[in-house]
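For reference, the structure is listed below as structure tokens.
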Amino acid sequence: YACNFLKGKDMDDLARVTKKWNAWMDSSNGPAYTAYNLIPLFHSQEVSFDVGWLGVWADGVTMGAGITHWLSEDGGLHAEFGKVVDCDAHQHFAALTIKPEKTPADGPVEFSNCTAREGITVEEAVAAIHEWSDYETENGSDAARWVLFPAYGESSKAKYDFKYVEAYPSYESFGHAYDRFGTGGGYMEHRKIIDRVMTCDSARVYDSKAVRLAQ
């Protein structure tokens, strides 16, 4: 979800409703679900929302059960959230894990829209991302990585094949990655591995805060 706070509301108000939602999820035996708040950090004026809600299910069956649980029972929390935020976009993506998180944590997460170059298949582009991830890991990166394929709710004006996502366990880790890319040879390696097969727009960086972690 991409959301804006209603007048006079802020993250503290959202946290209070989220606490009630977590308690309801526990008491109603809600299907396994992970959720993060995404607060824009580095972005252009095109990012026009105050806070994002990123929810994750492990698979489609759990997703179906989770949607049914929320729409049929909700514990009155639809209305509670509606008093704090107005969410005018709700999009759905199918995720391909490139490198999983070791331990989910708060921290910076990057999103880029990427397109395979002419004559290159999406499968070849994803293979290059795996190669880049291996290179980064071998050189000390502890970032997790995913590819997100748009499924539902994307803008009709959107022109890209997939989103590439990197999540860091800390801002120190993010800073180390910044140095590796700029002065540690990463830029040249990125040109050889990634730039030859796909193009990506400027990454947006969000401050990610876990609000629920599935067991």
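The values are calculated or read from the model by the stated rules, or taken from the named source; none is laboratory data. What you see is a predicted model, and the numbers here were worked out from it, not measured in a lab. Cβ: placed from backbone, ideal geometry, glycine included. Neighbour counts: every protein chain shown. Side chains are part of the model used for accessible areas, which takes the heavy atoms of the whole protein and leaves out ligands, DNA and RNA. Shrake-Rupley method; radii C 1.70, N 1.55, O 1.52, S 1.80 Å.
Quick look at the numbers
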{"quantity": "Single residue of Ser155, Ser141, Ser133 found to be free of Cβ contacts under 8 Å to residues at least 40 places away in the same chain and part of a helix (DSSP H, G or I)", "calculated": "Ser133"}
{"quantity": "Residue match in region 66-77 (condition: under 20 Å from the mean Cα position of the chain (by Cα) and loosely packed, with under 12 Cβ neighbours inside 10 Å)", "calculated": "no"}
{"quantity": "Residue within region 39-61 that is over 18 Å from the mean Cα position of the chain (by Cα) and open to solvent by less than 70 Å² (accessible area, probe 1.4 Å) present", "calculated": "no"}
{"quantity": "Wholly within region 161-215, strands (runs of 3 or more DSSP E) carrying at least 3 residues that are of a type in the set (Lys, Arg) and surrounded by 15 or more Cβ atoms within 10 Å (Cβ to Cβ)", "calculated": "204-212"}
{"quantity": "Number of positions in region 122-166 that are of a type in the set (A, V, I, L, M) and under 21 Å from Glu46 (Cα atoms)", "calculated": "3"}
{"quantity": "Among residues of region 16-30, those that are in a helix (DSSP H, G or I), open to solvent by less than 70 Å² (accessible area, probe 1.4 Å) and touching a residue at least 24 places away in the same chain (Cβ under 8 Å), counted", "calculated": "6"}
{"quantity": "Selected residue (only one of Ala127, Ala116 is in contact (Cβ under 8 Å) with a residue 40 or more places away in the chain and either buried (at least 19 other Cβ atoms within 10 Å of the Cβ) or more than 20 Å from Leu38 (Cα to Cα) (or both))", "calculated": "Ala116"}
